[in-house]
Amino acid sequence: MKEENIILQKSYAFAVRIVRLSQVLAREKQAFQLADQIRRSGTSTGANMEEAVGGLSRKDFVAKCGIAYKEARETHYWLRLLRDTDYIDSPQAASLLQDCEELLKIITAIIRSSRNESNNS
């Protein structure tokens, strides 16, 4: 049986939470531009990790992981901004930020490991 890919699972679950957040921001707060920004970066993280898994080479894989990392960093920014401007409450922000930081740590570990494997080959 194939082992489940934790980064794909976690980034997908995170994207679902971000889409739901963006729906609330647009519908209840009328914050359409903020909703669009957070939705784009928050869902792009997982999409780029999916692309990485299908990468044609290790270099392609690492490049897509790098893009996913950048998108997660951007999402981290938007979450802090939404919290600090009272669009989302502190408990919700803390939960989302924790998930985002976990993604960043996992992606960082994947990139480092992949680069080390390339250097040792």
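Derivation of every value follows stated rules applied to the coordinates shown; laboratory data play no part. Since the structure is predicted, the reported quantities are computational estimates derived from the model, not experimental observations. Cβ placement follows ideal geometry from the backbone for every residue including glycine, while neighbour counts extend to all protein chains displayed.
Stretch R17-L81 to full length: gain in nm at 0.36 nm per residue minus the Cα-Cα span?
Gain on stretching R17 to L81: 21.3 nm.
On C-alpha positions alone, give me the angle between the axis of helix 90-120 and the longest principal axis of the chain, in degrees, nearest 10.
Result, in degrees: 20.
Evaluate the distance, in nm, between pseudo-label points positioned 7 Å from the Cα of E28 and of T108 along their respective Cα→Cβ axes.
Between E28 and T108, the label points sit 3.2 nm apart.
Given a Förster radius of 22 Å and the C-beta distance between D36 and K70 as r, what FRET efficiency does 1/(1 + (r/R0)^6) yield to the nearest 0.05?
For R0 = 22 Å, the calculated efficiency reads 0.80.
Taking the 0 to 90 degree range and rounding to the nearest ten, how far is the long axis of helix 6-29 tilted relative to the main principal axis of the chain, both from C-alpha atoms?
20
In degrees between 0 and 90, to the nearest 10, how far off the longest principal axis of the chain does helix 32-53 point, with axes built from Cα atoms?
Approximately 20 degrees, to the nearest ten.
At a Förster radius of 30 Å, what calculated FRET efficiency corresponds to the Cβ-Cβ distance of L97 and A63, to the nearest 0.05?
Calculated value: 0.70.
Under a point spin-label approximation (7 Å from Cα along Cα-to-Cβ), what is the N116-E4 distance to one decimal in nm?
So the two model labels end up 2.6 nm from each other.
Contact order normalised by length for the chain, with contacts defined as Cα pairs under 8 Å and 6 or more residues apart; what percent is it?
Across the chain, relative contact order equals 25 percent.
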